[in-house]
Structure formats: structure tokens, C-alpha cells
Amino acid sequence: MAFEGLADRLQSTIKKITGKGKVSEQDVKEMTREVRLALLEADVNFKVVKDLIARIKERAIGQEVMESLTPGQQVIKVVKEELTTLMGGEQSKIAVADRPPTVIMMVGLQGAGKTTTTGKLANLLRKKHNRSPLLVACDVYRPAAIKQLETLGTQLDMPVFSMGTEANPVDIATGAIEKAKEEHRDYVIIDTAGRLHVDTDLMDELQQIKSAVTPDEIFLVVDSMTGQDAVNVAESFNEQLDITGVVLTKLDGDTRGGAALSIKAVTDKPIKFAGMGEKLDQLEAFHPDRMASRILG
Ligand code: GDP
């Protein structure tokens, strides 16, 4: 399960301090040292850990005593609040354009889960928000990717806009928006091409699509199992495309958690959704507070 090692370590660290009626500066120092090691072991970005620990220390030492909590519980509350803030604080909502359709561009490396997430997101928008999305196949380099999206469309009973592999992705994207307007569809979700690594050709193409359709959201799909690599990928995509949010996939796997805990701090872009399995209903809104509670037990 995701975060298992981190959760175990943090929970045992915290147990030592929970019941304490009095927490000394030494206790806080020992706790933060263990929290620090646990986070580093979970592959959380070094700088992120450093800043987080400094804030926890500052708040936990010399904290105001709250009557309803023991000092031990108070320290844990600080840790939980800081972890929540680290992952983005408030849950972040999906955009709605003033004039439909709302355009969402899905970007990311090959294998991250982009196409699957496109289908999952369409499903979620219809189920939870009563929307009618149009899916768009812009990965013209891999016929299999178009086929995969079409299969998802059939499974979901949702239309897929495709112009095959010969057309230009910019024309496909703009054509899809016209079509969505004609059919009064309120969301357009564009599945773009991925590569194995970040490269200039890919970024150029994504920038062209971006300027042609001015998306309301650009979601970067990243595989949470890839840890710090996911954070580096997020940094590059954000620099090039100014993404609006992140979807973390494969949180149902045994990721150590580094990506989830570092991406917001490093890119300043919120994690909006979490992929929790391969099935089309396994995409959830990402709630930083619930995630922090899950990690801390
Ligand atoms: P793309 O190349 O980025 O479009 O990636 P795909 O959508 O083809 O996904 C790659 C693989 O990851 C597929 O086998 C998906 O079923 C799987 N996948 C995607 N999201 C998740 C997730 O949240 N959890 C799990 N366990 N697998 C996922």
C-alpha cells in the first residue's frame, strides 16, 4: 500500500509523544529528527524536508498550550497541519469556463497513465458533476494510443474525436472544440502525446496546442511510483507549459510517497486528483488533509 513505510515510521514516532503531559524541547528535537529521517526515506525532496522540519520545530517549540489537547497531541496537530499545507492545504477544484466548453489538456510522459486518466476524468465529470465531455485523441504518433482512447470511449459510452494519425495535433484540438460547441458538450478533454523523456519536440507541440486552444486547465499526469523523477518531470513541464494542476497516478501501488509530498512545494501547483487503480471509477479528488491523516494514522 502507498505510504506504508512512511506511515509506520511516523506513527511509531508519534506514539512516543502522544500521551505526554509535558513536552520538552528535547522531545520535539528527537521527534523532528525521526520525522526528518522518515520523510527522506520516503524519497521526499531534501529541501522540502528541511523547510518542513524548520516550520514544525518553530511551531512545536514554544507553542501555545491548548486546553483541550495534551502538549503531545498539540505537537502532532502541528505535524498534521504542516503535512496538509505541504500537500496544498485546501482541496483544489476543477475549472469551469465562463463560456462552455471548458477545455482540459492532459500532458505527461508515456506510461504515466495519461490516456487512462483522460477516461477516468471524463467518467468522474459525468458522474459527479453531471457534465458531458468530449474526449480528443491528439497522440498521432502511436495508433495504439488512439485505439486505447476509442476503446475507453466505447466503455464509457462517450464520444471520442479523432482525425487519425495523419492530421496535425493542433488541427485535431481546434476541430474538437468546434465539434463540442456544435454538440453543446461542456468539457473537452485532450489526450496529448507522451514521450519516454521530456524533450523539446514534445514541448513545442504541447505549446502549440496550448496557444491554439487556450485550455482552462493543463493537468500533468505523473506516476507516483517514480518518486523524485516525478518531481523533476513536474518541474520541467511546469516551466514549459505553466500547468494548472497535477494528477498523481498509481497511488494504489506501494509508492513511498515522495512525489505526493514534494510536488506542490516544488512546483507550487496543486495535486488535483489521485489515481487509485486501473479501473475507470478509480480516480479521486485529492484531499491534502485526508492524505495527511492517512499518513499519520
Ligand atoms: P499513458 O502512456 O500515459 O497514456 O499511460 P496509460 O494510460 O496507457 O497507462 C499506463 C498503465 O498504467 C496502464 O496499464 C494503466 O492501466 C496503468 N494505470 C494508470 N493509472 C493507474 C492507477 O492509478 N493505478 C494503477 N494501478 N495503474 C494505473
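Quick notes
- Averaging 1/r over every pair of different alpha carbons in region 189-261 and inverting the result gives a Kirkwood radius of 12.9 Å.
- Lysine pair count for region 202-280 [Cα-Cα under 18 Å; pairs on different chains or 8 or more apart]: 5
- Distance in nm between pseudo-label sites at His197 and Glu182 (7 Å out along the Cβ direction from Cα): 4.2
- Zone of Ala95's modelled label, taken as backbone nitrogen in region 240-265 under 12 Å from a point 7 Å along Cα→Cβ: 242-245
- Overall dimensions of region 138-245 by Cα: Rg and Dmax, Å: 14.4, 43
- The share of Cα pairs per 10 Å bin across region 1-143, counted from zero up to the longest distance, runs 9, 29, 22, 18, 17, 5, 0 percent.
- Using 0.36 nm per residue and subtracting the Cα-Cα separation, the extra length available between Gln110 and Arg290 on full extension is 61.9 nm.
- Size of charge dipole - region 1-111 - debye, nearest 20, with Cβ of Lys, Arg +1 and Asp, Glu -1, no other charges: 120
- For region 205-272 and region 1-55, distance of Cα centres in Å: 26
- Taking all pairs of distinct alpha-carbon atoms in the chain, Kirkwood radius in angstrom: 20.2
- Legend: helices of the chain (whole DSSP H runs) are marked when their alpha-carbon atoms reach 15 angstrom or more along the helix axis and their mean Kyte-Doolittle hydropathy is at least -1.0; marked are 4-18, 25-41, 46-60, 71-86, 143-156, 169-182, 200-213, 228-241.
- The Stokes-Einstein estimate for region 219-284, based on a Kirkwood radius over Cα pairs and taken at 20 °C with 1.002 mPa s viscosity, is a diffusion coefficient of 185 µm²/s.
- Cross-link partners of Lys15 among aspartates and glutamates (Cα-Cα below 15 Å; sequence separation of 8 or more within a chain): Asp27, Glu30, Glu34
Bear in mind these aren't lab numbers, they're just calculated from the coordinates by the rules spelled out. Being a predicted model, the structure only gives us computed values, none of them experimental. Note that each Cβ is placed from the backbone with ideal geometry, even for glycine, and that neighbours are counted across all protein chains shown.
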